[in-house]
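Okay, so here's the structure we're looking at.
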Amino acid sequence: MLEEYQEMEEAETKISDWLKGKFLKERLLYAEMVNLMIEAIKASLGNQKNAGHANLAISTLATRMFNNFEGVKHLLLWGLPAQAQPITRDIIECMLLFRLFLVKPKSAEKWLIDLTEYQPGDAYAKLTSWGINAQEYAIYGLLSHESHSNLLASLSHVQEIDVGGKGTLHIFHLGSARTQEAEYEIQRSFLLLLFLLYIALTEPLAIMYHRYSESHVFKNWWENINNIVPKLLELFDEFDKEQLPSEIDDKLEKLVGKKLRIEKFKE
């Protein structure tokens, strides 16, 4: 049995190496954006001497959010898109709290000192009442659905092959997989990750970074973000033009076909 698992690990490593090449454009853009995220977060972390409770809470949350982005990236490159969804959902929860704490520092203090918890729906409602459009929440419901062990969230590693008059052959992949179904889910998840990273950079992280940086430094940082926009739109356009593999199950097609309301991002 141990030998069989070792063979699986070797196969997964080869799949991961292949996926890193397959999604090179996404990886390079992600790295470019994450560097900007690190710059903003480090500005906050560098101002923690004698920092108040609210600033400590915000820095703690920013660190968790960064690690979530990294966790999703690694899972995708190991061919595990379904397993990445709960962490992607947590990114949204972090972003909602991040926004809340920036506007209402007392909420951050309660979160840090009293261990107060804020539900995503409540945080979104509060932000909306303040006129803050937390775009990331638009896909929270879909991610919540995909984060549970229902059928539609469990199909990325089930492969269906039409064998003519003999019916349909089902192949169940243990561990990571290099199938059209899995590749499509990985690409879709990468786009979602980049979408969330862009929102995080241009809204809550930008507000935080502006507080801790010189105006000319922030201006240069913001110009770098604007330079990323054409690359993002190119990736989204490429995804829009692609067709789902013909052998993908109809139920799976209904799920992935929603494309996560990406049109909101293009607007």
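The values are calculated or read from the model by the stated rules, or taken from the named source; none is laboratory data. What you are looking at is a predicted structure, and each value in this text was computed from that prediction instead of being measured. Heads up, the Cβs are rebuilt from the backbone with ideal geometry, glycines too, and the neighbour counts pull from every protein chain shown.
Structural remarks
- Breaking point among (1) at pLDDT below 95; (2) closer than 23 Å to Leu29 by Cα; (3) part of a helix (DSSP H, G or I), for Gly79: (3)
- Residue within region 25-38 that is of a type in the set (Gly, Ala, Ser) and buried (at least 20 other Cβ atoms within 10 Å of the Cβ) present: no
- Only one entry in Lys110, Lys22, Lys106, Lys73 is of a type outside the set (Phe, Trp, Tyr) and closer than 25 Å to Ala138 by Cβ, namely Lys73.
- Whichever residue in region 116-143 is assigned to a helix (DSSP H, G or I) and among the aromatic types (Phe, Trp, Tyr) and, among such residues, is nearest to His53 (Cα to Cα): Tyr124
- Selection status of Thr88, within 26 Å of Ser189 (Cβ to Cβ), of a type outside the set (A, V, I, L, M), in a helix (DSSP H, G or I) and without any contact (Cβ under 8 Å) to a residue 60 or more places away in the chain: no
- Hits in region 6-17 - residues which are out of contact with any Gly (no Cβ under 9 Å at 6 or more places or on another chain) and surrounded by 11 or more Cβ atoms within 10 Å (Cβ to Cβ): Thr13, Lys14, Asp17
- Filtered by the rule that a residue be among the polar types (S, T, N, Q), within 30 Å of Leu45 (Cα to Cα) and crowded, with 22+ Cβ neighbours inside 10 Å, region 164-213 gives a lone residue, Ser189.
- The test for being assigned to a helix (DSSP H, G or I) and either at positive phi or in contact with a Lys or Arg (Cβ under 9 Å, 6 or more places away or on another chain) (or both) does not hold for Lys42.
- Only residues that are polar (S, T, N, Q) and either in contact with a helix residue (DSSP H, G or I) (Cβ under 6 Å, 6 or more places away or on another chain) or within 16 Å of Cys94 (Cβ to Cβ) (or both) were counted in region 116-138, giving 3.
- The set of residues from region 125-144 being buried (at least 19 other Cβ atoms within 10 Å of the Cβ) and either among the β-branched types (Val, Ile, Thr) or touching a Cys at 6+ places or on another chain (Cβ under 6 Å) (or both) comprises just one member, Ile139.
- Among the helices (runs of 4 or more DSSP H) confined to region 210-267, the ones with at least 1 residues that are closer than 13 Å to Tyr198 by Cα and either at pLDDT below 50 or among the aromatic types (Phe, Trp, Tyr) (or both) are located at 215-241, 263-266.
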